[in-house]
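We did not get these values from a lab; they are worked out from the coordinates using the rules stated. Quantities reported herein were computed from a predicted structural model and do not represent experimental measurements. Quick reminder, even Gly has a Cβ in these numbers, built from the backbone with ideal geometry, and neighbours come from all protein chains shown.
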Amino acid sequence: MSRLLSNKRPTTVFLLLASVFLLAVATLAQTSDTPSEAGVAVTNRADGSYESEGSKVSGTTVTTTANVRSVSGVRVTPDETSPSMNTAPNERVTKLFRICNAGNGPDSFTIPRTDITAPATLVSLYFDVDGSGTLTNGDAPITIGSTASPTLAIGACVGVIAVVDTANSTPETNLTIRLTARSQLDASASGAAQDEATVILAVGNQARFSSPDNPALQPRKLIDGRQSEVAGSGQSLSYTIEFRNSGAVPARHVMVTDNLPASLAYEPNSLHLGDRAVTDQSDADPGEVNGQTIKVKFDEVGPNELIQISFRGHVVGGVPAGAGIVNTASVTGDNAETTSTSSAVAVVDPFGRVYAGRSGGTVLIGGARVMLAMDQAGTNPLTLPADLGYSPNTANDDPYSTKADGRFSFALTPEQFGTSASPAQYFLIVTAPGYRARLIEVTLSPSTSGVYTASVRALDGQSIARSNSFALTNDSASIDNIAALALNVPMFESTTLEIQKSADRRNADVGDVVSYHVEVHNATSETISNVIVRDHLPESFRYAVGTALIESSSKRTVEPEGSGGDLVFRIGEVAPSERLSIVYRVRVGANARDGEQINSAIADGTFPSGEHIATAPAHVGVIVSHGVFSTR
């Protein structure tokens, strides 16, 4: 370098050094991560020396000064490409955006534009003045296009809280929120900068309380692990309440309330949440017991979260023989519909109910005529002591008609118990509209001091209830130590699954299209599952693909299985008393025979007990003519 400089004049040398130095300074400024602050004066001077004829010569350039101009910059986050949280229809949620000053001087920012996926709406915007990340009283409301943020230093940030109403957004879709921030420095060297951020929410089902095992069922209430349990006065019973949040968002401020009936007493300090004991007092833990009311509260129940509550109680007071103590709880939440649990029934021993046999005791039959007779024909009812019966038959009428709860009982005198050597024999005859009549043999023998044992046997070929149960058996049953004749009597519908078939025309030519209509009716009080309709078409009748519909409360398409003239329609579940129809079309083929051609269909299914049922075939005829295709 010194050799090169030795050939140059001093002025040239200094100018060269100054240029190199300025170029280096400019390059460093351009590559810095932090912009030079606006208004800062940048000065520059170069010093240099060289040797000339054995002497060292030094010099300094003129000092130059440059002022840094304002340059605006903004960075808005987040920039989501996939959902960051779940929400649901008709929810109000808040999301936090951040605006950061990326310019080289203090700046403030406005929100000129927001976008949101309809039908969701942006309720309001706030600058997060206190930096809490949540909406508080000190946060400043924003008017789109006008409200400016607090002035931010270089690199400083401020939050923007968006309050969103999801309205009737469709579940299983995404909801997108976009927010644009713009600099207030219109006169900056680069103009007013702006940037956009994106938040994405996944819309699911709203918070909903359901059975732990089936989201289609209500929350569950059990006694000793069952829907119903036989209980004597003072007998301790274990009650459980179980439910799950089947929605996509947390249920907020959830309250479980159980108002115990007067005949059921809560046992102190027995309340548990899962395996954890909670106190009966109103304190920091979730539980509280006040008289007959049990409450358990939760700030939040998350999606798919399982809640299990248990406590113990016992029957108190003068509960009549055969009484059923029904207990349900309710579950409420700020963003969920109030839901009742299933009923837990404590049935005081002895008990008597007339019920739909396949319902497991959940469907009780009112208007049933119950007679205790001396003969099978029912011509000689037993004469009972008047007005000495148990509720509901306090008059001790024989025969007796059940009320809506299906309860009945008969009180006998000790003389009517028979003896150990010669038991008394009676016949229980029960009839109810829509059900097959019952004939049940009842044999009584005395036990101890005013109580007796009843042996029960069906004479009609139908099942009876097991002792102290709604479960069915084809064997005899024995009920020990009862003070009134009150037993569960299962009734079975005269018809179960019904099927009818019709066609839209009586006559058809070859090439015509015939529409068939198959109606399936569940005449019982229980859901029939795995229902299948098997339809056999006449020769050369061909199903028109894509024409089959199942019509009930709504319509849905179905395609039959099978080949040729055998069609198999898999229906699934048919609810109690539900009627549904299968409608489809067939084309009459060239090989169809003249005359009446019969089409037949049958349906079969399964009760919850596992019992399989099938209908008799339903037939419909269509008279076929070859028309213009005939040899005539």
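Figures for the structure shown
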| read-out | value |
| --- | --- |
| Debye log10 I(q)/I(0) at q = 0.10, 0.12, 0.14, 0.16 Å⁻¹ for segment 350-491, Cα point scatterers | -0.28, -0.41, -0.57, -0.76 |
| Likely footprinting exposure, 398, 566, fewest C-beta neighbours within 10 Å first | 566, 398 |
| Pairwise Cα inverse-distance average, inverted: Kirkwood Rh of segment 235-336 (Å) | 14.5 |
| Cα gyration tensor shape for the chain, rounded if a/c is under 1.5, else prolate or oblate | oblate |
| Assigned charges on the beta-carbon of Lys, Arg, Asp, Glu; the chain dipole about Cα centre (debye) | 1560 |
| Cβ-based net charge around residue 177, under 9 Å, with every Lys or Arg adding one and every Asp or Glu removing one | +1 |
| Segment 250-324 - charge dipole about Cα centre, Lys and Arg +1 at Cβ, Asp and Glu -1, debye rounded to 20 | 220 |
| Under-5 Å amide H pairs with residue 571, H placed in peptide plane, nonlocal only | 531, 532, 533 |
| 492, 311 arranged by Cβ crowding within 10 Å, fewest neighbours leading | 492, 311 |
| Footprinting exposure proxy for 626, 612 (fewest neighbouring C-beta atoms within 10 Å first) | 612, 626 |
| Kirkwood-type radius of segment 444-568, with distances r between different C-alpha atoms, in Å | 19.5 |
| Where Cα atoms sit under 27 Å apart: lysine pairs in the chain separated by 8 or more or lying on different chains | 6 |
| 3J(HN,Hα) from dihedral phi, segment 375-383, Karplus parametrisation 6.51/-1.76/1.60, rounded to Hz, x for glycine, proline | 9, 5, 6, x, 8, 9, x, 6, 7 |
| Amide H partners (placed H, <5 Å) of residue 487, local residues excluded | 353 |
